[in-house]
Amino acid sequence: MESDIINWSNKEVLDLLHKEKISSFLTDIFKSQDIDGQCLLSFVDRDFYDFPFDQLKLGERKRFILLVKKLQKHNRNAMFELGLCDDAQSNPSTNINFLGTNLSHLSYNLHKKIPSEIYTRSSECVSTYTPEVKASRLKPEIWKTAIALGYLFLVTWVTAVVMVIVHDKVPDMKKYPPLPDLFLDNVPHIPWAFDMCEITGSFLMAIWLVVLFFHKHRFIILRRFFALAGTVFLLRCFTMLITSLSVPGSHLKCEPRSYPPADDLTVWGRRLKQAYDIWSGAGMSVRGVRTCGDYMFSGHTVALTLLNFFITEYTPRNLYLLHISTWVMNMFGIFFILAAHEHYSIDVFIAFYITSRLFLYYHTLSNNQALMQNDSSRTRIWFPLLSFFESEVDGIVPNEYEGPLTIINNLRLWFVQLITDVKESSIAKTAGTKLQEGAAMGEYSVVKLVDGIKRNLSLVEEYKTARSQRLVTFDKNIQAGLLDECPDVELRRRNLAEFPGESLLREFSNPPSPVMKKSI
């Protein structure tokens, strides 16, 4: 290939397409989009399937991809000069942890159905293409994390109550001996093994807390941890209640508790107290918690597996020693559970399978929002917590970390903002109270004004009515006086039409004018 492809113009690129016998449709696209040599070297896998190349036939697209890959292979120096190629010999999009628990690079743009490209681990340089599935919205949403924590607390409390119930239902060891088990029948009982399992889990928890402290998106991954842990333990409540397995080892002293009558506590009161002891002790034997009957499935295995998977997922890919260590601790923790004969082998296997599958399902759906959007109604039904908690996360959560100084500075800014919000809310509350008082006073003034206007109008009406009545009474008095001055005989002889006062009566039949009233 030409070594100066970085300086090629659009005409030289078109000449190459003609030479390689690429279709005229693709040539027209290159001409209309003004693609030169640098643009040709910067092609990534996604570009082959986006507009305007999405109209290509399969054969045209494949020949075009092969041509571009060939150019990129023979022009590594030019790509390095343009910043399109680094020293890494493997593509990040296929740099999968060998244990297969890192899902960040297993997520593809399934909505567009982009096929995975084959990358070699030789000295060849490939385009640094990373699938465009990293989240663009990463809101902490602390209130959702608080809801997830409350959900976990509620589920663990229900689990503690169920553990007390199943302990009282444990089968009689004399009547129901331990079931045949391939592992337990061939591995002798180790008394201290269960304590070692819990110590191993404590180490994993310490590592997880360190990762959580320095991770930039700690509230998102903490919310996911609470949601998954709560869901798995909720499933465990059902499996414990449905079937009561016999005690797996004769060394275990498991008998149903008796509840003698007491004055201060009822039977359920005693059960709730025992449930609180289990809940506060986190179900760990090193803290004095001993239960029986809670075999299907193993809660210790759930805790170990969740911690292992979260540490592996939310730490950098190149921390191989850390990932190997967490997996070794996970496997040894499971071995210690079985060596202590605290659970059947099926308890541990089911616990690991359910926890790992639920972790993978949750992260696959959350990393590929297209799956959730295409079937959102069914996702809300079967994964309601996923739909709620991941509504503002539209892709992969990147593993970004913060130093101690940055964390302290963020905490300081958070406290300052919190104090400012509290002050503003108090000022707004005071202003709102004053505004309400002013509005109430204004409303009171308006009501008083309206009442005054109504009262004045009623007084005016009363005055008009009284004045009209006085005028009518006055007119009748005048008419009566005129009639008294004439004798009755004369009134009978004379026609009323000739009566000289008729004109006056006619005049006074209507209300007198103001001038006449004044003269009168």
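Just a few scattered comments:
- Flag for S244 being touching a residue at least 60 places away in the same chain (Cβ under 8 Å), open to solvent by 20 Å² or more (accessible area, probe 1.4 Å) and touching a Lys or Arg at 6+ places or on another chain (Cβ under 7 Å): yes
- Checked against (1) more than 30 Å from W327 (Cα to Cα); (2) of a type in the set (A, V, I, L, M, F, W, C); (3) modelled with pLDDT under 80, F98 passes all but a single condition, namely (1).
- Flag for S250 being open to solvent by 40 Å² or more (accessible area, probe 1.4 Å) and either outside any helix (DSSP H, G or I) or hydrophobic (A, V, I, L, M, F, W, C) (or both): yes
- Here M1 passes the criteria (1) at pLDDT 75 or above; (2) open to solvent by 60 Å² or more (accessible area, probe 1.4 Å) except the one numbered (1).
- Residues (modelled with pLDDT of 75 or more, under 15 Å from the mean Cα position of the chain (by Cα) and open to solvent by 20 Å² or more (accessible area, probe 1.4 Å)) located in region 359-379: L365
- Across region 184-194, a minimum of one residue is classified as in a helix (DSSP H, G or I), open to solvent by less than 40 Å² (accessible area, probe 1.4 Å) and out of contact with any Ser or Thr (no Cβ under 7 Å at 6 or more places or on another chain).
- When residues of region 15-54 are limited to those that are more than 26 Å from N77 (Cα to Cα) and among the β-branched types (V, I, T), the one farthest from the chain's Cα centre (by Cα): T27
- Restricting the search to helices (runs of 4 or more DSSP H) fully inside region 300-400 and requiring at least 3 residues that are under 21 Å from A227 (Cβ atoms) gives 345-367, 369-374, 376-382, 384-389.
- Among the residues of region 41-52, those that are open to solvent by 10 Å² or more (accessible area, probe 1.4 Å) and part of a helix (DSSP H, G or I) comprise R46, D47, Y49.
- Answer from I207, I199, I165 - the residue that is of a type outside the set (D, E), in contact (Cβ under 8 Å) with a residue 12 or more places away in the chain and open to solvent by 50 Å² or more (accessible area, probe 1.4 Å): I199
- Residue among T305, T301 that alone is within 30 Å of E400 (Cβ to Cβ), out of contact with any strand residue (DSSP E or B) (no Cβ under 8 Å at 6 or more places or on another chain) and surrounded by 17 or more Cβ atoms within 10 Å (Cβ to Cβ): T305
The values are calculated or read from the model by the stated rules, or taken from the named source; none is laboratory data. A quick note: this is a predicted structure, and the numbers were derived from the prediction, not measured. Cβ coordinates were reconstructed from backbone atoms using ideal geometry, including for glycine residues, and neighbour counts include every protein chain displayed. These accessible areas exclude ligands, DNA and RNA; they are computed on the full protein's heavy atoms, side chains included. Shrake-Rupley method; radii C 1.70, N 1.55, O 1.52, S 1.80 Å.
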